[in-house]
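Visitor: Input: one structure, supplied below.
Values quoted throughout were computed directly from the atomic coordinates according to the rules given, and no laboratory measurement underlies them. No experiment lies behind these values; they were computed from the predicted model shown. Cβ: placed from backbone, ideal geometry, glycine included. Neighbour counts: every protein chain shown.
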Amino acid sequence: MENIPELVTDTATLKQALAAVSSSDFVAIDTEFMRETTYYPQLCLIQVCANEVAFCIDPMSEGIDLTAFFEVLSDTSVMKVFHAGRQDLEIFVHLTGSVPAPVYDTQIAAMVCGLGDQTGYDRLVHSFTRKTLDKSSRFTNWAQRPLSERQISYALDDVIYLAQIYPKMVAKLSDSGRDSWVDNEMAQLSEKQLYINDPDTIWKKMKPRGSRPDMLNRLVHLAAWREHEAQRRNQPRGRILRDDTVMDLAGSNPKSLPEFKKIRGFPGGEGGKLAAPVLATLQQAANTPQSEWPSLERTAREEKAPPDILELLRVLLKHVSEDEQVAPRLIATADELEKLARSATAEIRAQSGWRHDIFGARAIKLMSGKLALSISGNAIKIIEL
């Protein structure tokens, strides 16, 4: 086998490098990107490792066609391994229109291996290999060329160790009978909608101030207009209009250009380039039938969970997560705990599967008086009644 360069900059070498890893049933993948000034991430580097062969692909090189690499991403016989791969996958969905499959995220798997929530890559590497990574190049400018040897070495470490860790994690989870515990989470990573911002629903991420249907209707239209504009310009949405400004517009509902003087943070005021399209967007909102106006489902949120029950459930969850060495958030989120505290029949993940076995069933018994928590020494003890 010919030597593969650490940095691949042309199509012929890329095909040669991919051939060197083609016999492996998995490939470790990472990316370096920039997105401070763009809506879509600017892909600057792709790192690949398998069969003890590691190389970086320079997607910014004029002499490279990434088609062969994209074919690997879509090859269902090859597992694509990432760590905290949400943003990496978003990049590939944008470039190819589809989600790489199948995928495995070691950060998710780490939550079942006793490493806690959102385990960083350096901690993962140290846990499995006892190696300490040099992270000094983490915040360098990956779009600048040429890349330094130090940058390339740093980037390669992100997949060299990942390729070593993945088989160990799979074996550890299999030996403990917990491999199925992460299957559903991995399957969810293949849902395309995770990586695409829908302009019509983006308003829900803005935490609206107030719940008046007319204001929410205007917020829907303004947020969708801004999202389309940000996508069209390939600029961060905050560079078009800040969230606070969008919500002020939705609440004040200016009907003429002079009224834009009152909108704090609106670029250019009444003479700004955005004033006219914003007015047109607000007019579209005004023409929307009331039957199509959105509403916030606040009934359940406004009904406070009984604080004592909620606190007991938190204690139980903490005890179970420590006892089982599973990250609490993977068992039940804070919102799910609140729903459960309000109703023992709440539809949450802990009502079925392995979560029910280790936590959900006990939580229901606790709420029905069939289970108690006590202190034994410095530890919590569960008592079946």
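Visitor: At a Förster distance of 22 Å, what's the computed FRET efficiency of Arg212 paired with Lys192, Cβ-Cβ distance as r, to 0.05?
Guide: Here the calculated transfer efficiency is 0.10.
Visitor: Can you pull the Rg over Rh of the chain, Cα-only, Kirkwood?
Guide: We get a ratio of 1.03 for the chain.
Visitor: At a temperature of 10 °C and a viscosity of 1.306 mPa s, determine how fast segment 7-195 diffuses translationally according to Stokes-Einstein, using the Kirkwood radius over alpha-carbon pairs as Rh; express D in µm²/s, rounded to the nearest whole number.
Guide: Stokes-Einstein gives a translational diffusion coefficient of 94 µm²/s.
Visitor: Are there DSSP H segments in the chain that both extend 18 Å or more along their axis (alpha-carbon positions) and score a mean Kyte-Doolittle hydropathy of at least -1.0? List them, or say none.
Guide: 149-175, 307-324
Visitor: Another one. At a Förster radius of 30 Å, what calculated FRET efficiency corresponds to the Cβ-Cβ distance of Arg130 and Arg150, to the nearest 0.05?
Guide: Numbers: r = 23 Å, r/R0 = 0.76.
Once rounded, the FRET efficiency stands at 0.85.
Visitor: Net charge around Met367, counting only other residues with Cβ within less than 12 Å of its Cβ (Lys, Arg = +1; Asp, Glu = -1)?
Guide: +3
Visitor: How do 189-197, 31-39 rank on mean C-beta neighbours within 10 Å, highest first? Could you put the intermediate results ahead of the total?
Guide: On the way: 189-197: 13.2, 31-39: 16.0.
For the peptides 189-197, 31-39, the packing ranking is 31-39, 189-197.
Visitor: Taking loop as defined by DSSP and a crowding limit of 14 other beta carbons within 10 Å, which chymotrypsin sites (Phe, Trp or Tyr not before Pro) in segment 91-140 fit? It would help to have the intermediate numbers written out before the result.
Guide: Details: sites: Phe92, Tyr104, Tyr121, Phe128, Phe139; in loops: Phe139.
Those that pass, being in a loop and sparsely packed, are Phe139.
Visitor: Using only helices, what value at 222 nm comes out for the chain when you add -39,500 (n - 2.57) per DSSP H run of length 4 or more and divide by the total residues, to the nearest 500 deg cm²/dmol?
Guide: Only helices count here, giving -13000 deg cm²/dmol.
Visitor: Also: Label-point separation (nm) for Phe70 and Leu296, each offset 7 Å from Cα along Cα-to-Cβ?
Guide: Roughly 4.1 nm, to one decimal.
Visitor: Also: Could you give the length gained by full extension between Val315 and Gln87, i.e. 0.36 nm per residue of separation minus their alpha carbon distance, to one decimal place?
Guide: Values: separation 228, 0.36 × 228 = 82.08 nm, distance 3.32 nm.
Here the answer is 78.8 nm.
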